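Worksheet: the structure to be examined is printed underneath.
The values are calculated or read from the model by the stated rules, or taken from the named source; none is laboratory data. Note that this is a predicted model, so its numbers are computed, not measured. So basically every Cβ, Gly included, is an ideal-geometry build from the backbone, and we count neighbours across all protein chains shown.
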Amino acid sequence: MKFTVALVLSSVLYGASATRVSNGCNQNNCYRAVKADAFPTRPGTADCSSYFSTTIEQKTSTEYNGGVKTIVTYYETTIPTHIPAYASACDGAVKYSSACSCIGVTPVTTVIIPTCGPGTLSCYGGPCQDILSDPNNCGACGNTCESGSCVNGQCSVSACDGSECGSLNGCGADCFCFKEASGLGFCGPNVACAPLKDCTSNSECEVGEVCATSTCCSRNVCLSSCALSRRSLNAHFVGSRDVNAGWTGGAPPPAMF
């Protein structure tokens, strides 16, 4: 709409002395300066493209209210205002914009959102969150740890502390209490041991997994939490139906038979 109005104004101001071209624009001195037919070294189109390029960048700031830290997301908009000296005949932004539009240049808006690094994730369009240890976004946006502890993207479960194979407490459908490499308890799925990766520390496992040290696999294995995987792992890690083949909970879940 801005450029339509600008064209109407140009027609009124220069209609008496300017020649109209086929695209409905006035071939006045401003138009000729921008189009630069007589001066091929002038980057008229490139300058117009730069002038019409608006950038919106997502940024964050830290605010403290009563000692409480809050991350605030805001957007900073940059709109170019520089008009080249050779376009002095345009006499202002409206006429320069009109001339740029007349030579076929259109406005472009670019939105820049920071790319999150390893172990972080942008939740709901906001700033990058630490999903490895943030108890409010543990392993995934919005996954809150009731225990207040997040290890490698997996919530620890206080009620599962000290659980060992042979005396595993249940913590949901086909889920048992296990212990991970740092000694904390967590709730993990009962899945076949064979496909699971060996480990000695949590850092050797993928985000959302921990190195489980108290399963019935007879070795340390990387294991997801029940909170994130639920029953899906049972279908993916079916393995053998043989009870002696090895399962994190000691025996295949009843649903397997």
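So for the stretch 171-183 (the condition being over 17 Å from Arg219 (Cα atoms), of a type outside the set (A, V, I, L, M, F, W, C) and surrounded by fewer than 20 Cβ atoms within 10 Å (Cβ to Cβ)), does at least one residue qualify?
Yes; the residues of the stretch 171-183 include at least one that is over 17 Å from Arg219 (Cα atoms), of a type outside the set (A, V, I, L, M, F, W, C) and surrounded by fewer than 20 Cβ atoms within 10 Å (Cβ to Cβ).
So, in the stretch 147-175, how many residues would count as being closer than 13 Å to Pro189 by Cα and free of Cβ contacts under 8 Å to residues at least 12 places away in the same chain?
Selection size over the stretch 147-175: 2.
Which residue is surrounded by the most Cβ atoms within 10 Å (Cβ to Cβ), if the candidates are limited to the stretch 94-149 and must be in contact with a helix residue (DSSP H, G or I) (Cβ under 7 Å, 6 or more places away or on another chain) and under 30 Å from Cys226 (Cα atoms)?
Of everything passing the filter in the stretch 94-149, Gly139 is surrounded by the most Cβ atoms within 10 Å (Cβ to Cβ).
State which residue is nearest to Gln58 (Cα to Cα) when the search covers only the stretch 71-97 and only residues that are part of a loop (DSSP other than H, G, I, E, B) and touching a residue at least 12 places away in the same chain (Cβ under 8 Å). Before the answer, list the steps.
Of the stretch 71-97, the ones part of a loop (DSSP other than H, G, I, E, B) are 79-84, 91-92.
Cutting the leftovers down to touching a residue at least 12 places away in the same chain (Cβ under 8 Å) gives us 79-84, 91.
Values: Ile79: 15, Pro80: 18, Thr81: 21, His82: 23, Ile83: 27, Pro84: 29, Asp91: 33 Å.
Among those that are part of a loop (DSSP other than H, G, I, E, B) and touching a residue at least 12 places away in the same chain (Cβ under 8 Å), it is Ile79.
Restricting attention to the stretch 131-147, which residues are closer than 13 Å to Cys116 by Cβ and among the polar types (S, T, N, Q)?
Asn137
Quick one: is Ala173 under 17 Å from Leu121 (Cβ atoms) and at pLDDT below 85?
no
Can you tell me which condition Cys222 does not meet? The list is (1) assigned to a strand (DSSP E or B); (2) in contact with a Gly (Cβ under 7 Å, 6 or more places away or on another chain); (3) not aromatic (Phe, Trp, Tyr), and all the others hold.
(2)
When the stretch 112-153 is examined, which residues are found to be among the small types (Gly, Ala, Ser) and assigned to a loop (DSSP other than H, G, I, E, B)?
Answer for the stretch 112-153, where residues must be among the small types (Gly, Ala, Ser) and assigned to a loop (DSSP other than H, G, I, E, B): Gly117, Gly119, Gly125, Gly126, Ser133, Gly139, Ala140, Gly142, Ser147, Gly148, Ser149, Gly153.
Kindly check whether there is at least one residue in the stretch 179-188 that is more than 11 Å from Thr248 (Cβ to Cβ), over 31 Å from the mean Cα position of the chain (by Cα) and not basic (Lys, Arg).
Yes, the stretch 179-188 contains at least one residue that is more than 11 Å from Thr248 (Cβ to Cβ), over 31 Å from the mean Cα position of the chain (by Cα) and not basic (Lys, Arg).
Looking at (1) farther than 24 Å from Pro254 by Cβ; (2) in contact with a Gly (Cβ under 8 Å, 6 or more places away or on another chain), which is the one condition that is false for Cys199?
Unmet for Cys199, out of (1) farther than 24 Å from Pro254 by Cβ; (2) in contact with a Gly (Cβ under 8 Å, 6 or more places away or on another chain): (2).
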